[in-house]
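Undergrad: Have a look at the structure that comes next, please.
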Amino acid sequence: MADSGIPRSATVKNIMFSLCGAQAEPHVLQVIKDLLTKRETVENRQEKFSRLVEDILKHESFNKALFVLKNASTKFRENATFPQVVSRLYYIAQEPSDYNKAEEWAKKAIDRAPDISYIADTLGQVYKNRLLRLGTGPDEIMRMADKAFTAFEDVEKKADKEEPQQMDTEGTASFADTFNNRGLFGFIQVAKIAFEKLSDQQLKATLIQNREKEVQDKFEFFEWYLTYSTPNETTLEPDYFWKDVALCYEHYTTKAAADSTSFPGLLDCLNQGLFRSRGKRAGFQEEEKSGFDLEEIQRELKNHYEENVDDVQVAERYILSNIILGNRMPDSPQLASVEELQTIILRFLATERRHRSPEFYLLVLLLWLFPEEQPPVLQDEDDEEVEQAPTDRQPGQLPLDLGSGPDLHQHVTFMEEAYERSSYAKYLRSRYLLPLFFLGKESGLNKWIHKSRLDAIVEQTVDAMLAGENNPTDSEKQSLIEHMWNEGDVWQLPEIQNILRPVMVHDNKVDVCAGGWKEKVSTEVEPKDPTLSTIYLGFNIKGPVLVKVGVPHVNND
């Protein structure tokens, strides 16, 4: 119709008024809403407006797009998304931006949907963009930053209260299955922008004093959020995401994000230096941590633990630092024995048994899970010899008292319950939980293979594949790496098969042993496929996962 000379804006206006009458049918409203508000995702980037609005802006004018959306906002008075898009038009599409009008329409949208975080986010974006384009006047920078902080704090509060399926009412929003992190990230961006704009050192010091604690809290959120999960199996967070978080954290604390020794920080440190690491993608000059670096971290955490032996989180970090060190330097003389680490965690195992963190139960399972061992053969007391259960320990390690080992089935359940009980279940809903460790062929602490070792092998393989190309781009390399993971090609690489240990599955359950006693881990392979010959065992922050060779994904059951 547009090719015939009928403007798109006139067509959509006629559709609204001819089909909707006094009360629009829900399915008709949904079609119009999609036409005017649904933004397409292209190459991991979301378009600024719907395809139709983009075409009206391109082929007609800003005023025509504004005319259509204002009519939609008037016609559908209860719907918040139309005034929301009008606001975005004013500060994104208009030249120059009209921030006063954008603020006015963002507030109209909030009035229509006062409890929806995605609607509230637009007001914060208006203030953030206005702050970004301000000059160097310190008072105006502080005033606008405070308005933006307040707006994004409001988004965060509303997002925390939202439950799945709550938000799809009155055609207002359709993000029910996803936690909205825009309030948290918007706050970080505003803090970073304000810090970098202020030249007055006294005002900058005031800003740091007022906002440092909040910046640290939000950094900690994104540190575990990005370590434990990703949007889906192949899609990565935008490169600027971690860049803004890490730079803001460094501005307000003078600490480098890459030096964090929190539990998720330790889990991520072996990724550093890899092509797909979040630091590399953010454009940071990031080097791989050496064995000496990891020994120093382990030494510091050991000293910290010895000074705080009753602090379970300190104990968790010390235990994990040994597992991480074992992945980089399996022969390091500083490595603690499995028995020593088991003794540490046993002190906490008997107390608050059902109220520990997912991280705690992850360590319990890593320290006691010995797949495919045979249980001991029990004999009468009169027998002269008793067959000993095979051990999975480092040289010099004493066997674990069989009566003191944890009930694995129970602790798998505890870990799943801890995940649901913690904030992770709410904040990570709909996201893909990244595998953190895989079972390897070695013994002791070295039997758990950090996923970074697989990523390094895949990266080397892709580099070899592209060696004959003329100056391959980073995007080509990234695409090929994603393809290998998505298609399951990584599990066919001999280098990976040589370090991972297959597990046996009986009746869709994995046989594992703890202290020599055989148990069954409740994680199941679905659908049941008798043709599968190789299955690998791993863990994410929720519990055990099974990799089915030849199938491109990991079960998170």
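The values are calculated or read from the model by the stated rules, or taken from the named source; none is laboratory data. Source: prediction; values computed, not measured. Ideal geometry is used to build each Cβ from the backbone, glycine not excepted, and the neighbour counts take in all protein chains shown. The area values use the complete protein model at the heavy-atom level, side chains included, leaving out ligands, DNA and RNA. Shrake-Rupley method; radii C 1.70, N 1.55, O 1.52, S 1.80 Å.
Undergrad: For a quick check of your reading of the model, give me the residue pairs whose first member lies in region 302-327 and is without any contact (Cβ under 8 Å) to a residue 24 or more places away in the chain, whose second is open to solvent by 60 Å² or more (accessible area, probe 1.4 Å) and in a helix (DSSP H, G or I), with beta-carbon atoms closer than 6 Å and at least 6 apart or on different chains.
TA: Val314/His304
Undergrad: How about region 217-251: which of its residues are open to solvent by 50 Å² or more (accessible area, probe 1.4 Å), modelled with pLDDT of 95 or more and not basic (Lys, Arg)?
TA: Within region 217-251, Asp217, Glu220, Glu250 meet the criteria.
Undergrad: While we're looking at this one, here's another question. If you scan region 350-360, which residues turn out to be modelled with pLDDT under 95 and buried (at least 21 other Cβ atoms within 10 Å of the Cβ)?
TA: Matches in region 350-360: Arg356 only.
Undergrad: In region 319-335, which residues are part of a loop (DSSP other than H, G, I, E, B) and either buried (at least 21 other Cβ atoms within 10 Å of the Cβ) or among the acidic types (Asp, Glu) (or both)? Quick ask: steps written out before the conclusion?
TA: Looking only at region 319-335, we keep the residues that are part of a loop (DSSP other than H, G, I, E, B), and these are 329-335.
Asp331, Leu335 - these are the residues of region 319-335 that are part of a loop (DSSP other than H, G, I, E, B) and either buried (at least 21 other Cβ atoms within 10 Å of the Cβ) or among the acidic types (Asp, Glu) (or both).
Undergrad: Check Gln460 against each of (1) within 22 Å of Ile541 (Cα to Cα); (2) assigned to a helix (DSSP H, G or I) and name the one condition it does not meet.
TA: (1)
Undergrad: What are the pairs with Cβ atoms under 9 angstrom where one residue, in region 408-419, is of a type in the set (A, V, I, L, M, F, W, C) and the other, located anywhere, is open to solvent by 10 Å² or more (accessible area, probe 1.4 Å) and in a helix (DSSP H, G or I)? Sequence gap at least six, or different chains.
TA: Ala418/Glu359; Ala418/Tyr424
Undergrad: Quick check on region 52-64. Is at least one of its residues open to solvent by 60 Å² or more (accessible area, probe 1.4 Å) and within 32 Å of the chain's Cα centre (by Cα)?
TA: No, the conditions are met nowhere in region 52-64.
Undergrad: Here is a further query. Kindly establish whether Phe17 is among the hydrophobic types (A, V, I, L, M, F, W, C) and outside any helix (DSSP H, G or I). Give the steps one after another, and end with the answer.
TA: Working: among the hydrophobic types (A, V, I, L, M, F, W, C): yes; outside any helix (DSSP H, G or I): no.
It is false that Phe17 is among the hydrophobic types (A, V, I, L, M, F, W, C) and outside any helix (DSSP H, G or I).
Undergrad: Give the residues of region 282-318 that are part of a helix (DSSP H, G or I), among the basic types (Lys, Arg) and out of contact with any Phe, Trp or Tyr (no Cβ under 7 Å at 6 or more places or on another chain), sorted by residue number. Even if it seems obvious, please write down each step before you answer.
TA: Let us first name the residues in region 282-318 that are part of a helix (DSSP H, G or I), namely 291-307, 312-318.
Checking which are among the basic types (Lys, Arg) leaves us with 299, 302, 317.
Answer for region 282-318, where residues must be part of a helix (DSSP H, G or I), among the basic types (Lys, Arg) and out of contact with any Phe, Trp or Tyr (no Cβ under 7 Å at 6 or more places or on another chain): just Arg299.
Undergrad: Which is at pLDDT below 95 and not in a loop (DSSP other than H, G, I, E, B), of Asn100, Asn71? First the steps, then the outcome.
TA: Numbers: Asn100 fails: at pLDDT below 95.
Going through Asn100, Asn71 in turn, the sole match is Asn71.
Undergrad: List pairs: first in region 31-56 and in a strand (DSSP E or B), second surrounded by 12 or more Cβ atoms within 10 Å (Cβ to Cβ), Cβ under 6 Å, 6+ apart or cross-chain?
TA: Gln46/Arg39
Undergrad: For region 456-502, name all the residues that are among the small types (Gly, Ala, Ser) and under 25 Å from the mean Cα position of the chain (by Cα).
TA: Kept after step one, since they are among the small types (Gly, Ala, Ser), are these residues of region 456-502: 456, 464, 467-468, 475, 479, 488.
Across region 456-502, the qualifying residues are Ala456, Ser475, Ser479, Gly488.
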